[in-house]
1. Roughly how many debye, to the nearest 20, is the charge dipole of the chain about its Cα centre, given +1 on each Lys and Arg Cβ, -1 on each Asp and Glu Cβ, and no other charges?
2. Could you calculate, for the chain, the ratio of the Cα radius of gyration to the Kirkwood radius, expressed as Rg to Rh?
3. Ranking request for peptides 483-494, 80-91: highest mean number of other beta-carbon atoms within 10 Å first, then the rest in descending order.
4. Kirkwood hydrodynamic radius of the range 185-243 from all distinct Cα pairs, in Å?
5. Grab the Cα-Cα distance for residue 319 and residue 448, subtract it from 0.36 nm times how many residues apart they are, and report the gain in nm with one decimal.
6. At R0 = 22 Å, how high is the FRET efficiency between residue 290 and residue 257 if r is their beta carbon distance? Nearest 0.05 is fine.
7. Once you treat every alpha carbon in the range 336-389 as an equal point and sum by Debye, what is log10 I(q)/I(0) at q = 0.14, 0.21, 0.23, 0.28 Å⁻¹?
8. How large is ³J(HN,Hα) for each residue in the range 303-313, as worked out from phi by the Karplus curve 6.51 cos²θ - 1.76 cosθ + 1.60 (θ = phi - 60°), to whole Hz, x for Gly and Pro?
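Values quoted throughout were computed directly from the atomic coordinates according to the rules given, and no laboratory measurement underlies them. Owing to the predicted nature of the structure, the values given are computational and were not obtained by experimental measurement. With ideal geometry, Cβ positions are generated from the backbone for all residues, glycine too; neighbour counts draw on all protein chains shown.
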Amino acid sequence: MIAIIPEPVELVPKNGSFKLDQETSIYVDKELNRLGNYLRERLTTSTGFIFKEKDLQKNNQIQLKLTESNWNLVDEGYILKVKNEGIEIIARKSVGIFYAIQTLRQLLPPEIESQKVLKNIEWSICCVEIEDYPRFKWRGFMLDEARHFMGKGIVKKMLDLMALHKLNKFHWHLVDDQGWRIEIKKYPKLVEIGSKRKIKPNRGEESNLKDPDFIGGFYSQDEIKEIIDYAKERFIEVIPEIEMPGHCMATLAAYPELSCTGGPFEVPTKWGIFSDVYCPGKENVFKFLENVLLEVMDIFPTKIIHIGGDEVPVKRWKSCPNCQQKMKELGFDKEKELQVYLTNYFARFLESHGKRLMGWNQILDPTLSKEAICQFWLGNRRAIVEHMRKGGEVVATNYLQTYLDHPYKIISLKKAYKFEPKFPKVEAKLKSKLLGIEAPLWTERVPNLKRLEWQTFPRLTAYAETAWTPKKKKDFKKFKLRLIEFIKRLEFLDVKVAVEKIN
Ligand code: ACM
Ligand code: ZN
């Protein structure tokens, strides 16, 4: 059975098959050396064959070729032909070749994903012609490492799995109330103080620090760069999220002067929304956030910087003389306008550095720059449509349909699969403003890898299909049949799937 996830746009089975053996060679166009090596690595580990690089051969070869001809392939698209005599992969760009390799992996027996050499397997592939390209540009996964720090090994594993699913945006939630996870050289206390909190063993937490009473961790700037490079090799863009003006207790524990009251604060061990947030009435808050963003922009090559913006209580701003003074100066009568002011300030700041602001949909306001990307999770859909009419772009992350941290009772696999991003009364010409979809994993109740994988798989596999496959080809029954095959691959990749949640 041919079982590929996400289901390709067009797949025509042919008669016959091709078999990998000791003599199979790889040919790559000259710009594709790296991808030739990537493919070889995938195939060698389990087959033990060496896959010599050779000039073009008629027989027993896997060929990776770029073309500039003006056929209608989009950048991420590819054509993959398996014939009796060999395999031909063609794309306009290396990213297309990369996705063809992900498809090729799935045409081989699941044992191809084995981490050690397996003997007595017939490495054969049915003849087939595939033409494929994505439905959406934005095919995202978000990991919250503030609530539970997972570390480099887990992040790399997730990036590998994203690649297998043809997902291309890794939204990295690095900052929240319960932890600050990125080294900022100008403000060392962010990680010295903000990256650890008192442990709660009763919720399954185990200390990962020298001090057994604390839990946490952070990434040095070098480690962040290492992960960005790892993602780039897999054609994944990493988008950092630096929350403001709320969800910042870890910052305030380190630098209480950035709050309205002056603190003192501890990095909280409770979940939820906290009243203490940045004080937009103080100039040093703007300076601090600018300096943090300057370092973040230096590290991350992406053009997109996520600034959060969700769930910001105005309670402290109401009784803060600095905030009230600022409101008077700016002629505001509602505290909420201070958040709009701060968001617009940083949208301009990022744009002046050639970057774009992204935020949760609470950042929306008629005055928001159309360059800003808005991530919808909950609330006013009309405001989203207004942003699109203005020319703004949107990513759909619906709270009750895409959150991987929800129990399967709330989001079953079927519900996850059936999710379609929709906004009311969107004129056809605005469709391109919907960049795509993203599935976030918030980790309040996800203390370790085992739980992470159980929450994520197989639901992320379902979202990946919605992100890539044309809507008219989505079919839950057929997806489930393919999923059973796909899970065998995930098991070889040592992923613990919530198999009991498939029905
Ligand atoms: C969110 O879930 N607070 C964006
Ligand atoms: Zn204030």
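1. 1420
2. Radius of gyration over Kirkwood radius for the chain works out to 1.00.
3. 80-91, 483-494
4. Values: mean 1/r = 0.0732 Å⁻¹.
Mean inverse Cα-Cα distance, inverted, gives 13.7 Å.
5. Working: separation 129, 0.36 × 129 = 46.44 nm, distance 4.01 nm.
The span from residue 319 to residue 448 would gain 42.4 nm if fully extended.
6. 0.90
7. -0.32, -0.72, -0.85, -1.18
8. 7, 10, 10, 8, 10, x, x, 8, 6, 10, x
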